[in-house]
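Participant: Sharing a structure here in structure tokens format.
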Amino acid sequence: MSNTAKQIQVGTHGKGLRALIEALETCTPFKTAGAFQAMAGVPSGTGRMPKDERERFETDRPQITYTVLSYATPIAWVLENGETYVSDTYYSPTTTKHQSRVRVYLNRANVIDEAA
């Protein structure tokens with residue numbers, strides 16, 4: 001996993017979607033021109049997370065190796081053991097689209113989907 005975030009052009013098809021899928025599948029940091037990004041490690045803040053999710057994030061913090069954010073809020077993270085947590089909290093239509101992409105492509109084998 002690279003520590004350098006590269007800007008990718010995200011789309012619903014073509015090269016943009018392929019670049020996003022590859023970044024999520026390989027836990028590669030990225031930044032889009034918009035509000036969707038991912039980083040190695042953990043951000044300093046928790047954005048708009050509700051209390052219960054923030055508590056889980058803080059408990060997981062020492063083992064988090066990769067975090068996906070929508071705006072400034074972590075919406076998914078991967079632990080050292082490969083386990084992946086994806087938030088089911090509703091924030092906005094845009095964040096819901098980001099969460100959907102993450103559920104499908106991030107570390108596919110180890111997702112804990114709180115919506116299930």
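Participant: Sort segment 22-99 into rounded, prolate or oblate with this rule: let a ≥ b ≥ c be the square roots of the eigenvalues of the Cα gyration tensor; rounded if a/c is under 1.5, and if a/c is not under 1.5, prolate when a/b is larger than b/c, oblate otherwise.
Facilitator: Values: a/c = 1.62, a/b = 1.05, b/c = 1.54.
Judged from the Cα gyration tensor, segment 22-99 comes out oblate (a/c at least 1.5, b/c at or above a/b).
Participant: For labels at Glu58 and Lys15 in the simple 7 Å Cα→Cβ model, what's the distance in nm?
Facilitator: Each label point is offset 7 Å from its Cα along the Cβ direction, giving 4.4 nm.
Participant: With a 1.4 Å probe and all protein chains kept in place, how much accessible area does Glu55 have, in Å² rounded to the nearest 10?
Facilitator: 100 Å²
Participant: Counting only protein chains, not ligands or nucleic acids, how are Asp88, Asp60, Asp52 ordered by accessible area (probe 1.4 Å), most first? Walk me through the intermediate numbers first.
Facilitator: Numbers: Asp88 75, Asp60 20, Asp52 110 Å².
Correct descending sequence by accessible area is Asp52, Asp88, Asp60.
Participant: Still on this model: How far is it, in nm, from the label point at Lys31 to the one at Tyr71 when both lie 7 Å from their Cα along the line to the Cβ?
Facilitator: Going by the 7 Å Cα→Cβ label model, 1.9 nm.
Participant: Can you give me the % of accessible surface on segment 26-106 that is carbon or sulfur? Probe 1.4 Å, all protein chains present, nothing else counted. Kindly include the intermediate steps, with their values, before the conclusion.
Facilitator: Values: 1880 of 3680 Å².
Its accessible area is 51 percent carbon and sulfur atoms.
Participant: Once phi is turned into θ = phi - 60°, what whole-Hz ³J(HN,Hα) does the Karplus curve with 6.51, -1.76 and 1.60 give for every residue of segment 96-104, x standing for Gly and Pro?
Facilitator: 4, 5, 4, 4, 4, 4, 4, 4, 7
Participant: Just tell me which aspartates and glutamates come within less than 13 Å, Cα to Cα, of Lys97; anything on the same chain fewer than 8 places away is out.
Facilitator: Straight-distance partners of Lys97: Asp88.
Participant: Quick one: dipole size for segment 36-87, taken about the Cα centre, charges +1 on Lys/Arg Cβ and -1 on Asp/Glu Cβ, in debye to the nearest 20.
Facilitator: On the way: 5 positive and 7 negative charges, 42 e Å.
Using Cβ point charges on Lys, Arg, Asp and Glu, segment 36-87 gives about 200 debye.
The values are calculated or read from the model by the stated rules, or taken from the named source; none is laboratory data. Just so it is clear, the structure is predicted and the values come from calculations on it, not from any experiment. Cβ atoms come from the backbone with ideal geometry, glycine included; neighbour counts cover every protein chain shown. Accessible surface is based on the protein model in full, side chains and every heavy atom, while ligands, DNA and RNA are left aside. Shrake-Rupley method; radii C 1.70, N 1.55, O 1.52, S 1.80 Å.
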